[in-house]
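**Q** Can you keep this structure in mind? I'll have questions shortly.
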Amino acid sequence: MNNKIFIFDTTLRDGEQVPGCQLNTIEKIEVALALEALGVDVLEAGFPISSPGDFKSVVEITKNIFNPTICALTRAVAADIDCAAEALKHAKRGRIHTGIGSSDIHIKNKLKTTREAILEKAAWATKYARNYVDDVEFFCEDAGRADLEFLAKMVETVIAAGATVVNIPDTTGYCLPEQYGAKIAYLMNNVPNIDKAILSAHCHNDLGMATANSMAALQNGARQVEVTMNGIGERAGNTSLEEIAMVLKSHEANLHLQCDINIKKIYPTSRLITRLMRMPVQPNKAIVGRNAFSHSSGIHQDGVLKNRENYEIINPHDVGVPESLIVLTARSGRAALKHRLEKLGLKWIKRN
């Protein structure tokens, strides 16, 4: 199996759905350019039919971005798919991302229909989107709570209809890692035409397990992971791009999986998203939080000053962070004080 993991970034779609984080078209282009430089494989530029502004932004992004595949979201509705296709007409590589609910909760309570009707609509939407583009991704919404046998039938159906990627979203962030990983493994082993498409993991962080669930999916055969910068997104957010990239980098020898993210651009890109979306990153956020490379305990400070690897598994320079911080606190010891004095150009004199 291919060990390349495709990074699908949805900062400009799922990430921008956060209240108060809306961007104008110029800002979206700036973010898209940064994500292109970061090395994402697929950039979900928006939901074109949702507003004239979103449609315009997708169009302008396709005119300014050349390396990633540009993706547009739709419902399984003809007008949505028509609109997405129009927005993508300038894309060098365009993808339509369509789909519908797969869990009985959604089928009965939201869509008010039957499993049989869902399968028919899923096949129709996939075929309809293939009339416009060769690359169609289908999302099985709320797959995290879907019946496994029905989900497998749905995946088989949309692949037969022409889907090149099938998204298995844990839409509500419900799954445990072993459950989500087992779901992916089941699909890999029980969908007859699974070799004709890529499975994608799209996880939400409602229980704080989005990254763990996404990694479980990748370890069980998914080869695309859907992420946002800083983990922004609906409710508690999405899987963090920076966390996935650094898990893959840190454990490459064990996982034998790799992605094409330029990790040195992680921190600058994070700062850009924070500034434009006006959404501060929590201080203890992994990789990009203010405290991710800060040390305040005397024992930790002494260890880091002797050898960074005593308490840091990632070199901050690797992700674009200027340096580790030794923060003087009531718990600091002589090693930290000496370090701070030397940084200030003062000489430490040891007295007997």
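The values are calculated or read from the model by the stated rules, or taken from the named source; none is laboratory data. Given the structure is predicted, the values throughout are model-derived calculations rather than measurements. Using ideal geometry, Cβ is built from the backbone for each residue, glycine included, and neighbour counts are taken over all protein chains shown.
**Q** Looking only at segment 316-329, decide whether some residue is outside the structural domain of Ile263 (by TED's automatic domain parsing), assigned to a loop (DSSP other than H, G, I, E, B) and more than 27 Å from Ser270 (Cα to Cα).
**A** Looking through segment 316-329, at least one residue is outside the structural domain of Ile263 (by TED's automatic domain parsing), assigned to a loop (DSSP other than H, G, I, E, B) and more than 27 Å from Ser270 (Cα to Cα).
**Q** I'd like the full set of residues that are part of a loop (DSSP other than H, G, I, E, B) and over 14 Å from His300 (Cβ atoms), limited to segment 331-350.
**A** Passing the criteria: Leu344, Gly345, Leu346, Lys347, Trp348, Ile349, Lys350.
**Q** Could you list, in sequence order, the residues of segment 105-128 that are without any contact (Cβ under 8 Å) to a residue 40 or more places away in the chain and out of contact with any strand residue (DSSP E or B) (no Cβ under 8 Å at 6 or more places or on another chain)?
**A** Within segment 105-128, Lys108, Asn109, Lys112, Thr113, Thr114, Arg115, Glu116, Ala117, Leu119, Glu120, Ala123, Lys127 qualify.
**Q** Then there's this: It is to be established whether one or more residues within segment 143-159 are under 20 Å from Thr74 (Cβ atoms), surrounded by fewer than 22 Cβ atoms within 10 Å (Cβ to Cβ) and either free of Cβ contacts under 8 Å to residues at least 24 places away in the same chain or not hydrophobic (A, V, I, L, M, F, W, C) (or both).
**A** Checked against the condition, which is being under 20 Å from Thr74 (Cβ atoms), surrounded by fewer than 22 Cβ atoms within 10 Å (Cβ to Cβ) and either free of Cβ contacts under 8 Å to residues at least 24 places away in the same chain or not hydrophobic (A, V, I, L, M, F, W, C) (or both), segment 143-159 yields at least one hit.
**Q** When the residues of segment 232-266 are narrowed to those that are touching a residue at least 12 places away in the same chain (Cβ under 8 Å) and polar (S, T, N, Q), which ends up nearest to Asn67 (Cα to Cα)? Walk me through it before giving the result.
**A** Restricting attention to segment 232-266, the residues satisfying the condition of being touching a residue at least 12 places away in the same chain (Cβ under 8 Å) are 232-250, 255-266.
Next, only the ones that are polar (S, T, N, Q) stay: 238-240, 250, 258, 262.
Numbers: Asn238: 24, Thr239: 23, Ser240: 21, Ser250: 26, Gln258: 18, Asn262: 14 Å.
If we take residues in segment 232-266 being touching a residue at least 12 places away in the same chain (Cβ under 8 Å) and polar (S, T, N, Q), then Asn262 is nearest to Asn67 (Cα to Cα).
**Q** Which of the strands (runs of 3 or more DSSP E) found entirely inside segment 40-122 contain at least 2 residues meeting this: in the same structural domain as Ala152 (by TED's automatic domain parsing), closer than 25 Å to Ser270 by Cα and not acidic (Asp, Glu)?
**A** Numbers: elements: 42-46, 69-73, 94-101.
Once the strands (runs of 3 or more DSSP E) in segment 40-122 are filtered for at least 2 residues that are in the same structural domain as Ala152 (by TED's automatic domain parsing), closer than 25 Å to Ser270 by Cα and not acidic (Asp, Glu), what remains is 42-46, 69-73.
**Q** When you go through Val59, Val77 one by one, which is the residue that is touching a helix residue (DSSP H, G or I) at 6+ places or on another chain (Cβ under 6 Å) and either more than 19 Å from Asn238 (Cβ to Cβ) or surrounded by fewer than 16 Cβ atoms within 10 Å (Cβ to Cβ) (or both)?
**A** Val59
**Q** Further question on the same structure: Got a number for residues in segment 1-33 being small (Gly, Ala, Ser) and crowded, with 19+ Cβ neighbours inside 10 Å?
**A** The total comes to 2.
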